[in-house]
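Data first, discussion second: the structure below is written as structure tokens.
Derivation of every value follows stated rules applied to the coordinates shown; laboratory data play no part. Predicted model, so just to flag it, every value in this text is computed and none were measured. For neighbour counting, all protein chains shown are included, and Cβ atoms are generated from backbone atoms with ideal geometry for every residue, glycine included.
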Amino acid sequence: RHFFMDKTFVEWAYQDKAFPIGHEQTISQPFTVAIQSTLLEIKKGDRVLEIGTGSGYQAAILALLGAEVYTIERQEALYLQAKNLLQELGITQVRCFYGDGYQGLEQFAPFDKILVTAGAPGIPTALKKQLKIGGYLVIPTGENVQQMLRLSRVGKNSWETETFGDFRFVPMLSGLSPKNND
Ligand code: SAH
């Protein structure tokens, strides 16, 4: 995890806490990364879409679990930083995209699994549609506190929902971030 931390906080990389990574964003707490990764039940070769690349840490974990990862970030500076870092670390199973996660990545859909790592006010329709039948969408939803949801797509037009407790994420925002935004 120390590779993915802001230098200011690197000595605390192995504390079970979220830390700032700039641009008002955070690297998720290890416990949260563990829960989200577990809920996805990654199998080798799964095609996984992640919304909210941030530091790139969660994407790297998914890659090490055997997934082929597509990850989207709306802050250009974070997108570039994560993309370069993952490349330096030789983590080639992650492809980074600069874009709005609310749209998903239609051109690479459907995905076996989709993971949202920001707090979403609701469940974006595009993401539900880009999930394979039999696939999982793990998404924290709610305003101040988020409930961890896991949706299973059980048919073309049917999804089942399970809930896994309360978490706190930075918000999932619409559109691209304005440039030079700190
Ligand atoms: N998975 C990250 C967690 C980063 S915090 C990690 O392991 O470090 C959540 C990230 O989601 C932030 O970087 C934020 O900019 C991004 N984000 C918020 N809304 C988004 C959206 N609509 N599309 C893409 N990224 C988004």
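In the structure shown, the pairs Lys43/Lys113; Lys44/Lys132; Lys83/Lys179; Lys17/Lys128; Lys17/Lys83 are assessed against 20 Å; a Cα-Cα span above that value is assigned to Lys17/Lys128; Lys17/Lys83. Putting +1 on Lys and Arg Cβ atoms and -1 on Asp and Glu Cβ atoms, find which of Phe167, Leu149, Gly134 reaches farthest to the positive end of the dipole of the range 133-178. With unit charges placed on the Cβ atoms, the residue in question is Gly134.
Close amide-amide hydrogen proximity is noted between Thr26 and Ile21, each under 5 Å apart and 5 or more residues distant or on a separate chain (H modeled in the peptide plane; Pro and chain starts excluded).
The chymotrypsin sites (Phe, Trp or Tyr not before Pro) of the range 1-93 that meet both conditions, a loop assignment by DSSP and at most 13 other Cβ atoms within 10 Å of the site Cβ, are Tyr14. For the range 100-181, applying the loop criterion from DSSP together with a ceiling of 15 other beta carbons within 10 Å to the trypsin sites (Lys or Arg not before Pro) yields Lys156, Arg168, Lys179.
Going 7 Å from the Cα of Lys129 along its beta-carbon direction, which residues of the range 91-106 have the amide nitrogen within less than 19 Å of the resulting point? Answer for the range 91-106: 99-106. Specify the longest stretch of the chain that does not include any exposed loop site, a site being one of the GluC sites (Glu not before Pro) with a non-H, G, I, E, B DSSP assignment and at most 15 other Cβ atoms within 10 Å. No qualifying site falls inside 42-142, the longest such stretch. Distance distribution note for the chain: the fraction of Cα pairs above 30 angstrom is 10%.
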